[in-house]
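Only one structure is covered here, and it is reproduced in the block below.
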Amino acid sequence: MILGRTLESWCASYPLIRDLVALQETTWFNPGVAPVAQALADVGLTSADVADASARLARFASYLRRAFPETECSAGIIESDIVPLEHLQPLLGERYVQALNGALWLKRDSHLPISGSIKARGGIYEVLKHAEDLALAKGLLTLDDDYALLHSDSARAFFGQYKIAVGSTGNLGMSIGIMGAALGFNVTVHMSADARQWKKDKLRAHGVTVVEYESDYSVAVAQGRQQAESDPTCHFVDDENSVNLFLGYAVAGERLKQQLAAAKITVDAQHPLFVYLPCGVGGAPGGVAFGLKLAFGDAVHCIFAEPTHSPCMLLGVYTGLHDEVSVQDFGIDNVTAADGLAVGRASGFVGKAMQRLLDGFYTVSDEEMYSLLALMERSEGQRLEPSALAGVPGIARVQGEQQGYRARIGLGPQAMSNATHLVWATGGNMVPADEMDAYLTKGRELLG
Ligand SMILES: *Cc1c(COP(=O)(O)O)cnc(C)c1O
């Protein structure tokens, strides 16, 4: 029995569960998607909240360029570029035996400074927000100060009185750990069993306490939460529910709008933008999607991508059970090579806030992510970690769909040939060379 019902009964009500349980690649276009004018209010946050986050990041820019000289070239703003995938696109068409229209682009959060993954948005933002709250409350800082003053021994001694705890499969721990340690916080990262050794080593080298568990992500998060509950000086970064993480991610929307405008790419009703976002617990893709909806309205179509072994958000939104159900409840093992995506139970906050703003969800096998990793490197020279490839099949899923999705959102052949498809690459830059070589070898073998 699964939550009081047999598997047969679940599959009768929700036929796609059969594919999920069989670990088959699946696509589900969300019939509940609604116009921004109706659905944005579900989120409970507004463009003013995102503007506030953006202004906070601007205040910290002078600190960041001091503490992390690699941000000097972007004047202390943590942002990634977009690049066209004109060589990969025809190869994908061959791979999926489909003519792929429109233009395929890559958003390189894989190359974000400081922590080399999409977590450099939300994770770092939450640490900065917490640091600012403390420093303002204790009179160390005013809003008009040059925040570069935080790059000092006295500021580090001040933050050294406080702790930060987080549970992570790796990348969130990296961004919280590196940023928190630089400011002087005592950071503890509770790492799930699937976290890579090099990430633990790197964090320890930054002076972060790493606690390792034999269990998966949910247990690591629960342990972090417990540590913080018993200690008033400890701030817990709640990956499952944090509004601040979400807002840090959402700032990406307005930034992307500027980048597309600079690249002379039009986005409107007749020039749709499809964005493919790898999803773990949901905070990063959910926050980015919220920012995109604020920036582009109904012209942007956000689609989440998950591993076949960890389809937690698809399962949660599809059944409407959100965080009341886990993939393990259905016997799906939540074991995947895609770092950051090995999450069995989705964020209830994100699922409920975003369910009418997301056009669809699909799953990708680990073998496909590895193959695409090698194909991406061969055709474009971009080196990404497996999870960052989850967005690549999206263009083919949308153009090949037979569920009536494009008709429902009113996009005919002309609009589809005008479309821009953006693959959100979420990590890769910090993967050590030998690990990257192993990924590439595996991918090339699978490609044949
Ligand atoms: C964390 C992560 C994601 C997904 O973010 P969630 O907030 O967990 O949904 C995607 N890709 C990579 C590389 C990540 O580290």
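The values are calculated or read from the model by the stated rules, or taken from the named source; none is laboratory data. Just so it is clear, the structure is predicted and the values come from calculations on it, not from any experiment. Every residue, glycine as well, gets a Cβ built from its backbone with ideal geometry; the counts of neighbours run over all protein chains shown.
For the stretch 121-161, a residue qualifies if it is of a type in the set (Ser, Thr, Tyr) and within 17 Å of Met179 (Cβ to Cβ), and the qualifying residues are Tyr125, Tyr147, Ser152. Go through the residues of the stretch 376-384 one by one and say whether even a single one is among the hydrophobic types (A, V, I, L, M, F, W, C), within 13 Å of the ligand (Cβ to nearest atom) and out of contact with any strand residue (DSSP E or B) (no Cβ under 9 Å at 6 or more places or on another chain). Looking through the stretch 376-384, none of the residues is among the hydrophobic types (A, V, I, L, M, F, W, C), within 13 Å of the ligand (Cβ to nearest atom) and out of contact with any strand residue (DSSP E or B) (no Cβ under 9 Å at 6 or more places or on another chain).
Tell me which residues, restricted to the stretch 165-192, are within 16 Å of the ligand (Cβ to nearest atom), touching a strand residue (DSSP E or B) at 6+ places or on another chain (Cβ under 8 Å) and of a type outside the set (Ser, Thr, Tyr).
Passing the criteria: Val166, Gly167, Gly170, Asn171, Leu172, Gly173, Met174, Ile176, Gly177, Val189, His190, Met191.
Using the structure shown, decide if Leu357 is assigned to a loop (DSSP other than H, G, I, E, B), away from the ligand (no atom under 13 Å from the Cβ) and in contact with a Phe, Trp or Tyr (Cβ under 8 Å, 6 or more places away or on another chain). Answer is yes for this residue.
Scanning the stretch 216-253 for residues that are within 12 Å of the ligand (Cβ to nearest atom) and touching a helix residue (DSSP H, G or I) at 6+ places or on another chain (Cβ under 8 Å) turns up Val237, Asp238, Asp239, Glu240, Asn241, Ser242, Leu245, Phe246, Gly248, Tyr249.
Taking the stretch 84-111 as the range and being aliphatic (A, V, I, L, M) and closer than 18 Å to Thr266 by Cα as the test, the residues that pass are Leu85, Ala103, Leu104, Leu106. Number of residues in the stretch 277-312 that are near the ligand (Cβ under 9 Å from one of its atoms), out of contact with any helix residue (DSSP H, G or I) (no Cβ under 7 Å at 6 or more places or on another chain) and of a type outside the set (A, V, I, L, M, F, W, C): the value is 2.
For (1) of a type in the set (Asp, Glu); (2) within 22 Å of the chain's Cα centre (by Cα); (3) buried (at least 23 other Cβ atoms within 10 Å of the Cβ), each residue gets a yes or a no:
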{"position": "Leu134", "(1), (2), (3)": "no, no, no"}
{"position": "Gly139", "(1), (2), (3)": "no, no, no"}
{"position": "Thr188", "(1), (2), (3)": "no, yes, yes"}
{"position": "Arg204", "(1), (2), (3)": "no, no, no"}
{"position": "Val219", "(1), (2), (3)": "no, yes, no"}
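Applying the set (1) more than 14 Å from the ligand (Cβ to nearest atom); (2) more than 20 Å from Cys279 (Cβ to Cβ) to Asp333 leaves exactly one unmet item: (2).
Which of the residues belonging to the stretch 254-276 are away from the ligand (no atom under 16 Å from the Cβ) and of a type outside the set (A, V, I, L, M)? Matches in the stretch 254-276: Glu254, Arg255, Lys257, Gln258, Gln259, Lys264, Thr266, Asp268, Gln270, His271, Pro272, Phe274. Here is the figure for the stretch 206-217: residues that are surrounded by fewer than 18 Cβ atoms within 10 Å (Cβ to Cβ) and either closer than 16 Å to Asp339 by Cβ or of a type in the set (Ser, Thr, Tyr) (or both) total 4. You will find that of Ala48, Ala39, the residue that is part of a helix (DSSP H, G or I) and either farther than 23 Å from Lys119 by Cα or not assigned by TED's automatic domain parsing to the domain that holds Ala425 (or both) is Ala39 and no other. Does Asp323 meet the test of being assigned by TED's automatic domain parsing to the domain that holds Gln403, in contact with a Lys or Arg (Cβ under 8 Å, 6 or more places away or on another chain), of a type outside the set (A, V, I, L, M) and outside any helix (DSSP H, G or I)? So Asp323 fails the test.
Identification of helices (runs of 4 or more DSSP H) wholly contained in the stretch 364-426 with 1 or more residues that are buried (at least 24 other Cβ atoms within 10 Å of the Cβ) yields 366-380, 394-399. Selection of the stretch 190-210 for residues being without any contact (Cβ under 8 Å) to a residue 60 or more places away in the chain, assigned to a helix (DSSP H, G or I) and of a type outside the set (Lys, Arg) yields Gln197, Asp201, Leu203, Ala205. Taking the conditions (1) closer than 17 Å to Ser117 by Cα; (2) without any contact (Cβ under 8 Å) to a residue 24 or more places away in the chain; (3) in contact with a helix residue (DSSP H, G or I) (Cβ under 6 Å, 6 or more places away or on another chain) in turn, Tyr213 satisfies each one other than (1).
Matching residues to (1) modelled with pLDDT of 95 or more; (2) surrounded by 13 or more Cβ atoms within 10 Å (Cβ to Cβ); (3) in contact with a Leu (Cβ under 6 Å, 6 or more places away or on another chain):
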position: Thr6; (1), (2), (3): yes, no, no
position: Gln38; (1), (2), (3): yes, no, no
position: Gly44; (1), (2), (3): yes, no, no
position: Ser80; (1), (2), (3): yes, yes, yes
position: Tyr96; (1), (2), (3): yes, yes, no
